[in-house]
Amino acid sequence: MELERMAPREEWPDETEENDEKPEKAPTYTCCDRFHQTISNWMLPSDLRDSYLERANCLPPPIFIILISIAELSVFIYYAVWKPQKQWITLGTGINNSPLTYRYDKREEAWRFLSYMFVHAGVQHIIGNLFLQLLIGIPLELVHKGHRVGLVYLAGVIGGSLASSIFDPRKNLVGASGGVYALIGGYFMNVIVNFRSMVPIFGIFRILLIVLIVGTDVGFALYRRYIVHDTELQVSFVAHFAGAMAGMSIGYTVFTCFDKNLIKDPRFWICIAAYVAFLIFAALFNIFFFSAY
(Lines give C-alpha, C1' and ligand atoms only; values in the text may rest on other atoms or scores of the structure.)
Protein backbone atom coordinates (compact mmCIF):
# COMPACT_ATOMS: atom_id res chain seq x y z
CA MET A 1 0.00 0.00 0.00
CA GLU A 2 2.81 2.37 0.81
CA LEU A 3 4.36 1.77 -2.60
CA GLU A 4 1.08 2.63 -4.33
CA ARG A 5 0.99 6.02 -2.62
CA MET A 6 4.41 6.97 -3.92
CA ALA A 7 4.46 9.46 -6.82
CA PRO A 8 5.57 8.23 -10.21
CA ARG A 9 9.28 8.66 -10.93
CA GLU A 10 8.70 11.20 -13.69
CA GLU A 11 7.14 13.53 -11.10
CA TRP A 12 10.19 13.46 -8.88
CA PRO A 13 12.19 16.74 -8.75
CA ASP A 14 15.15 16.80 -11.04
CA GLU A 15 18.17 16.09 -8.89
CA THR A 16 20.46 17.80 -11.40
CA GLU A 17 18.75 21.21 -11.24
CA GLU A 18 21.04 22.55 -8.57
CA ASN A 19 24.07 21.30 -10.42
CA ASP A 20 22.94 23.00 -13.65
CA GLU A 21 22.69 26.39 -11.99
CA LYS A 22 25.84 28.38 -12.63
CA PRO A 23 27.31 30.35 -9.74
CA GLU A 24 26.92 34.08 -10.04
CA LYS A 25 29.98 35.80 -11.38
CA ALA A 26 31.68 38.41 -9.25
CA PRO A 27 31.24 41.88 -10.70
CA THR A 28 34.10 42.90 -12.95
CA TYR A 29 35.60 46.35 -12.58
CA THR A 30 37.12 48.20 -15.47
CA CYS A 31 40.08 50.54 -15.20
CA CYS A 32 37.62 53.44 -15.31
CA ASP A 33 35.64 51.96 -12.40
CA ARG A 34 38.77 51.51 -10.32
CA PHE A 35 39.86 55.05 -11.16
CA HIS A 36 36.57 56.51 -9.94
CA GLN A 37 36.74 54.31 -6.85
CA THR A 38 40.11 55.83 -6.02
CA ILE A 39 38.81 59.34 -6.71
CA SER A 40 35.85 58.80 -4.38
CA ASN A 41 38.13 57.50 -1.61
CA TRP A 42 40.33 60.60 -1.82
CA MET A 43 37.71 63.27 -2.37
CA LEU A 44 34.54 62.21 -0.52
CA PRO A 45 33.51 60.98 2.94
CA SER A 46 32.30 57.40 3.10
CA ASP A 47 28.56 58.20 3.14
CA LEU A 48 28.74 59.94 -0.25
CA ARG A 49 30.92 57.52 -2.21
CA ASP A 50 28.16 55.17 -3.33
CA SER A 51 26.12 58.08 -4.64
CA TYR A 52 29.11 59.31 -6.64
CA LEU A 53 29.99 55.86 -8.03
CA GLU A 54 26.41 55.26 -9.25
CA ARG A 55 26.70 58.12 -11.72
CA ALA A 56 30.47 58.43 -12.10
CA ASN A 57 31.72 58.97 -15.62
CA CYS A 58 34.24 61.08 -17.46
CA LEU A 59 31.63 63.05 -19.37
CA PRO A 60 32.01 65.92 -19.31
CA PRO A 61 35.77 65.64 -18.74
CA PRO A 62 37.52 68.05 -16.32
CA ILE A 63 37.50 70.66 -19.06
CA PHE A 64 37.94 73.79 -16.93
CA ILE A 65 41.15 72.81 -15.18
CA ILE A 66 42.61 71.35 -18.39
CA LEU A 67 41.82 74.43 -20.49
CA ILE A 68 43.12 76.86 -17.87
CA SER A 69 46.34 74.84 -17.60
CA ILE A 70 46.80 74.81 -21.39
CA ALA A 71 46.24 78.59 -21.50
CA GLU A 72 48.80 79.22 -18.76
CA LEU A 73 51.35 76.95 -20.42
CA SER A 74 50.77 78.61 -23.81
CA VAL A 75 51.34 82.09 -22.40
CA PHE A 76 54.51 80.92 -20.66
CA ILE A 77 55.87 79.39 -23.89
CA TYR A 78 55.03 82.58 -25.78
CA TYR A 79 57.04 84.77 -23.42
CA ALA A 80 59.84 82.22 -23.00
CA VAL A 81 60.36 81.52 -26.72
CA TRP A 82 58.99 84.37 -28.81
CA LYS A 83 59.86 87.27 -26.56
CA PRO A 84 63.47 88.29 -25.92
CA GLN A 85 64.73 86.72 -22.71
CA LYS A 86 68.13 86.36 -21.11
CA GLN A 87 67.07 82.90 -19.96
CA TRP A 88 63.82 80.97 -19.87
CA ILE A 89 64.41 79.47 -16.43
CA THR A 90 63.68 82.86 -14.84
CA LEU A 91 61.76 85.30 -17.00
CA GLY A 92 62.10 89.03 -16.59
CA THR A 93 62.16 90.97 -19.82
CA GLY A 94 58.85 90.78 -21.61
CA ILE A 95 56.44 89.72 -18.88
CA ASN A 96 57.12 92.84 -16.83
CA ASN A 97 55.62 94.83 -19.70
CA SER A 98 52.93 92.27 -20.46
CA PRO A 99 49.34 93.57 -20.52
CA LEU A 100 48.44 90.48 -18.46
CA THR A 101 50.77 91.09 -15.49
CA TYR A 102 49.38 92.78 -12.41
CA ARG A 103 51.37 95.99 -11.92
CA TYR A 104 50.65 98.26 -9.01
CA ASP A 105 51.36 101.34 -11.15
CA LYS A 106 48.67 100.20 -13.62
CA ARG A 107 46.08 98.88 -11.21
CA GLU A 108 43.40 101.04 -12.85
CA GLU A 109 43.46 98.42 -15.63
CA ALA A 110 41.09 96.17 -13.72
CA TRP A 111 41.54 93.06 -15.89
CA ARG A 112 45.08 92.68 -14.54
CA PHE A 113 43.64 91.55 -11.17
CA LEU A 114 42.52 88.39 -13.01
CA SER A 115 44.76 88.04 -16.08
CA TYR A 116 47.99 87.85 -14.04
CA MET A 117 47.26 84.16 -13.45
CA PHE A 118 48.32 83.39 -17.04
CA VAL A 119 51.85 84.80 -16.60
CA HIS A 120 54.59 83.00 -14.65
CA ALA A 121 58.03 84.10 -13.52
CA GLY A 122 59.97 81.05 -14.64
CA VAL A 123 59.98 77.34 -15.37
CA GLN A 124 59.92 76.37 -11.68
CA HIS A 125 56.94 78.62 -11.14
CA ILE A 126 54.86 77.28 -14.04
CA ILE A 127 55.71 73.63 -13.37
CA GLY A 128 54.84 73.94 -9.68
CA ASN A 129 51.47 75.56 -10.34
CA LEU A 130 50.51 73.21 -13.18
CA PHE A 131 51.46 70.14 -11.16
CA LEU A 132 49.43 71.21 -8.14
CA GLN A 133 46.33 72.35 -9.99
CA LEU A 134 46.20 69.21 -12.14
CA LEU A 135 46.84 66.94 -9.15
CA ILE A 136 44.10 68.55 -7.05
CA GLY A 137 41.88 70.09 -9.72
CA ILE A 138 41.18 67.08 -11.94
CA PRO A 139 39.82 64.84 -9.14
CA LEU A 140 37.84 67.76 -7.68
CA GLU A 141 36.31 68.55 -11.07
CA LEU A 142 35.40 64.92 -11.72
CA VAL A 143 33.44 64.92 -8.47
CA HIS A 144 32.08 68.48 -8.33
CA LYS A 145 32.11 69.48 -12.04
CA GLY A 146 33.73 72.46 -13.72
CA HIS A 147 31.41 75.30 -12.73
CA ARG A 148 32.04 74.72 -9.01
CA VAL A 149 35.79 74.23 -9.36
CA GLY A 150 35.96 77.28 -11.64
CA LEU A 151 34.11 79.40 -9.07
CA VAL A 152 36.57 78.47 -6.32
CA TYR A 153 39.63 78.83 -8.55
CA LEU A 154 38.71 82.30 -9.85
CA ALA A 155 37.70 83.46 -6.36
CA GLY A 156 41.20 82.56 -5.20
CA VAL A 157 42.87 84.33 -8.14
CA ILE A 158 40.94 87.58 -7.67
CA GLY A 159 41.19 87.44 -3.88
CA GLY A 160 44.94 86.87 -4.14
CA SER A 161 45.61 89.91 -6.30
CA LEU A 162 43.34 92.19 -4.25
CA ALA A 163 44.92 91.07 -0.98
CA SER A 164 48.37 91.61 -2.47
CA SER A 165 47.37 95.13 -3.55
CA ILE A 166 46.46 95.91 0.09
CA PHE A 167 49.11 94.11 2.14
CA ASP A 168 51.97 94.10 -0.38
CA PRO A 169 51.06 97.19 -2.40
CA ARG A 170 54.36 98.02 -4.11
CA LYS A 171 54.93 94.65 -5.75
CA ASN A 172 53.90 93.35 -9.14
CA LEU A 173 52.23 89.97 -9.31
CA VAL A 174 52.29 86.95 -11.63
CA GLY A 175 51.19 83.34 -11.37
CA ALA A 176 48.09 81.25 -10.64
CA SER A 177 49.00 80.44 -7.04
CA GLY A 178 45.88 82.16 -5.69
CA GLY A 179 43.64 79.78 -7.63
CA VAL A 180 45.75 76.74 -6.82
CA TYR A 181 45.72 77.51 -3.11
CA ALA A 182 41.96 78.03 -3.20
CA LEU A 183 41.57 74.44 -4.42
CA ILE A 184 44.02 73.19 -1.81
CA GLY A 185 42.29 75.18 0.97
CA GLY A 186 38.86 73.83 0.08
CA TYR A 187 40.10 70.25 -0.05
CA PHE A 188 42.07 70.68 3.18
CA MET A 189 38.99 71.87 5.08
CA ASN A 190 36.99 68.98 3.65
CA VAL A 191 39.57 66.50 4.97
CA ILE A 192 39.65 68.15 8.42
CA VAL A 193 35.86 68.27 8.88
CA ASN A 194 35.27 64.74 7.50
CA PHE A 195 38.42 63.28 9.04
CA ARG A 196 36.80 60.23 10.66
CA SER A 197 34.76 59.21 7.61
CA MET A 198 37.69 59.60 5.18
CA VAL A 199 39.72 56.80 6.87
CA PRO A 200 41.83 58.41 9.63
CA ILE A 201 45.17 56.94 8.59
CA PHE A 202 44.69 58.21 5.04
CA GLY A 203 43.41 61.49 6.46
CA ILE A 204 46.69 61.96 8.30
CA PHE A 205 48.60 61.16 5.12
CA ARG A 206 46.51 63.69 3.16
CA ILE A 207 47.12 66.42 5.73
CA LEU A 208 50.86 65.75 5.85
CA LEU A 209 51.01 65.75 2.04
CA ILE A 210 49.20 69.09 1.85
CA VAL A 211 51.46 70.61 4.53
CA LEU A 212 54.55 69.37 2.66
CA ILE A 213 53.37 70.76 -0.68
CA VAL A 214 52.28 74.10 0.77
CA GLY A 215 55.44 74.44 2.85
CA THR A 216 57.64 73.78 -0.17
CA ASP A 217 55.74 76.19 -2.41
CA VAL A 218 55.58 78.99 0.15
CA GLY A 219 59.27 78.44 0.88
CA PHE A 220 59.96 78.90 -2.82
CA ALA A 221 57.96 82.15 -2.80
CA LEU A 222 59.87 83.44 0.22
CA TYR A 223 63.15 82.43 -1.42
CA ARG A 224 62.35 84.42 -4.56
CA ARG A 225 61.16 87.35 -2.45
CA TYR A 226 63.97 87.73 0.07
CA ILE A 227 67.00 85.84 -1.29
CA VAL A 228 66.95 86.21 -5.08
CA HIS A 229 67.60 89.85 -5.93
CA ASP A 230 68.22 89.75 -9.66
CA THR A 231 64.59 89.35 -10.77
CA GLU A 232 62.14 92.15 -11.35
CA LEU A 233 59.12 89.93 -10.77
CA GLN A 234 58.74 88.15 -7.46
CA VAL A 235 56.18 85.64 -6.28
CA SER A 236 53.86 87.21 -3.69
CA PHE A 237 53.22 84.92 -0.74
CA VAL A 238 50.29 87.20 0.21
CA ALA A 239 48.39 85.86 -2.82
CA HIS A 240 49.05 82.32 -1.58
CA PHE A 241 47.46 82.99 1.81
CA ALA A 242 44.55 84.97 0.39
CA GLY A 243 43.80 82.21 -2.11
CA ALA A 244 43.92 79.63 0.67
CA MET A 245 41.47 81.70 2.73
CA ALA A 246 39.08 81.89 -0.22
CA GLY A 247 39.32 78.11 -0.58
CA MET A 248 38.81 77.48 3.13
CA SER A 249 35.59 79.50 3.07
CA ILE A 250 33.93 79.42 -0.37
CA GLY A 251 35.81 76.28 -1.46
CA TYR A 252 34.93 74.30 1.62
CA THR A 253 31.24 75.24 1.29
CA VAL A 254 31.18 74.29 -2.39
CA PHE A 255 33.04 70.99 -1.96
CA THR A 256 30.85 69.81 0.94
CA CYS A 257 27.65 70.34 -1.08
CA PHE A 258 28.14 67.29 -3.27
CA ASP A 259 24.81 66.01 -4.57
CA LYS A 260 23.03 69.02 -3.01
CA ASN A 261 21.67 72.30 -4.34
CA LEU A 262 24.39 74.82 -3.57
CA ILE A 263 22.04 77.77 -4.01
CA LYS A 264 19.86 76.57 -1.11
CA ASP A 265 22.77 76.27 1.31
CA PRO A 266 22.87 79.35 3.63
CA ARG A 267 26.59 78.81 4.27
CA PHE A 268 27.27 79.50 0.61
CA TRP A 269 25.51 82.87 0.70
CA ILE A 270 27.26 83.83 3.93
CA CYS A 271 30.63 83.13 2.32
CA ILE A 272 29.65 84.97 -0.86
CA ALA A 273 28.50 87.99 1.17
CA ALA A 274 31.79 88.07 3.08
CA TYR A 275 33.75 87.73 -0.16
CA VAL A 276 31.79 90.53 -1.85
CA ALA A 277 32.36 92.76 1.20
CA PHE A 278 36.09 92.12 0.86
CA LEU A 279 35.96 92.94 -2.87
CA ILE A 280 34.23 96.25 -2.16
CA PHE A 281 36.71 97.14 0.57
CA ALA A 282 39.68 96.25 -1.67
CA ALA A 283 38.26 98.27 -4.56
CA LEU A 284 37.74 101.33 -2.34
CA PHE A 285 41.22 100.94 -0.91
CA ASN A 286 42.81 100.88 -4.36
CA ILE A 287 40.78 103.90 -5.49
CA PHE A 288 41.12 106.19 -2.47
CA PHE A 289 43.92 105.02 -0.16
CA PHE A 290 46.61 103.34 -2.26
CA SER A 291 48.61 106.54 -2.81
CA ALA A 292 49.12 106.88 0.94
CA TYR A 293 51.37 103.83 0.97
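Observations on the structure shown:
- J(HN,Hα) series, the range 159-175, from Karplus relation 6.51 cos²θ - 1.76 cosθ + 1.60, nearest Hz, glycine and proline x: x, x, 5, 5, 5, 5, 5, 8, 9, 9, x, 9, 10, 6, 9, 9, x
- For Gly122, the amide hydrogen comes within under 5 Å of the amide hydrogens of Leu91, counting only partners 5 or more places away or on other chains and with H modelled in the peptide plane.
- Under the Karplus curve 6.51 cos²θ - 1.76 cosθ + 1.60, θ = phi - 60°, whole-Hz ³J(HN,Hα) for the range 260-273, x wherever Gly or Pro sits: 10, 7, 4, 5, 8, 8, x, 4, 4, 6, 5, 5, 4, 4
- Inter-label distance for Ser74 and Ile127, nm, one decimal - labels placed 7 Å from Cα along Cα-to-Cβ: 2.4
- Computed over the range 108-194, relative contact order equals 43 percent, with contacts defined as Cα pairs under 8 Å that lie 6+ residues apart.
- Leu59 paired with Ile287, simple spin-label distance in nm, labels 7 Å along Cα-to-beta-carbon: 4.8
- Fully extending the segment from Leu135 to Ile210 would add 25.9 nm, taking 0.36 nm per residue of separation and subtracting the current Cα-Cα distance.
- Ranked packing of 32-39, 43-50, 239-246, 149-156, most packed first, by mean Cβ within 10 Å: 239-246, 149-156, 43-50, 32-39
- With all protein chains kept in place, the per residue accessible area of the range 129-184 amounts to 24 square angstrom at a probe of 1.4 angstrom.
- A simple spin-label model places the labels of Leu279 and Ala110 1.0 nm from each other, with each point 7 Å out along Cα-to-Cβ.
- Sequence-ordered 3J(HN,Hα) estimates for the range 113-126 from the Karplus curve with 6.51, -1.76 and 1.60 and θ = phi - 60° stand at 5, 10, 5, 4, 5, 7, 10, 10, 7, x, 5, 5, 5, 5 Hz, glycine and proline given as x.
- Contour excess over end-to-end distance, with Cα ends at Cys31 and Arg170 and 0.36 nm allotted per residue: 45.0 nm
- If a spin label sat at a point 7 angstrom from the Cα of Asp47 along the line to its beta carbon, the backbone N atoms of the range 234-278 nearer than 18 Å would be those of 253-262, 265-267.
The values are calculated or read from the model by the stated rules, or taken from the named source; none is laboratory data. Every value quoted in this text rests on a predicted model; they were computed, and no experiment measured them. Ideal geometry is used to build each Cβ from the backbone, glycine not excepted, and the neighbour counts take in all protein chains shown. We work out accessible area using only protein heavy atoms, side chains counted, and drop any ligands, DNA or RNA first. Shrake-Rupley method; radii C 1.70, N 1.55, O 1.52, S 1.80 Å.
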